[in-house]
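Written out below as structure tokens is the structure these notes cover.
The values are calculated or read from the model by the stated rules, or taken from the named source; none is laboratory data. Note that the structure is predicted; figures quoted are calculated from it, not measured. Just so you know, the surface numbers come from the protein's heavy atoms only, side chains and all, with ligands and any DNA or RNA stripped out. Shrake-Rupley method; radii C 1.70, N 1.55, O 1.52, S 1.80 Å.
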Amino acid sequence: MALNELVKSRRLAEKLSTRVYLKPEEQEVAFDALQNVYLHLKNRITIGDLKNTNINWDKIPDNLMDVGEAFRPIFSSNEYWAGDFEWILELQEMHRNIASKKPRKKAAQ
């Protein structure tokens, strides 16, 4: 994922996260956007980042909501991406916020 796609996905998720009501398809778009941002962050991890941890690449969750505090050292090990774990926590909070949205009611006809 290119950087501009990452930014677009993040902005889309933030926009949908601030709405009071969401259509089910909007909710899915928001979840997909958050997941895409997370996968981009995960793909920035290098073998060198894993070298000093006891975690194999296969153990890093593919699902954003499965990432816990145990993975902080991996996502924070590279000096260039040191803030990635905090970003993941923000993404998870947006996910919970989006999941709690009430469905938009259909307009009366």
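Tabulated results
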| item | result |
| --- | --- |
| Nearest-10 value in Å² for the accessible area of I47, using the 1.4 Å probe | 140 Å² |
| Surface accessible to a 1.4 Å probe, per residue, for the residues of the chain, Å² | 66 Å² |
| Residue-level accessible surface for E90, protein heavy atoms, 1.4 Å, Å² | 90 Å² |
| Relative contact order (%) - criterion: Cα under 8 Å, at least six apart; region: the chain | 35 percent |
| For the chain: lysine pairs under 22 Å (alpha-carbon distance), excluding those fewer than 8 apart on one chain | 15 |
| Heavy-atom accessible area order for S76, S9, largest first, 1.4 Å probe | S76, S9 |
| Principal axes of the range 1-48: Cα extent on each, largest first, Å | 43, 17, 14 |
| Accessible carbon and sulfur surface of the chain relative to its total accessible area, %, 1.4 Å | 52 percent |
| Relative contact order computed over the range 42-84 (Cα-Cα under 8 Å; 6+ residues apart), in percent | 38 percent |
| Stokes-Einstein D in µm²/s, Kirkwood radius over Cα pairs - the range 31-109 at 4 °C with 1.567 mPa s viscosity | 94 µm²/s |
| With all protein chains modelled, accessible area of D58 [1.4 Å, Å²] | 140 Å² |
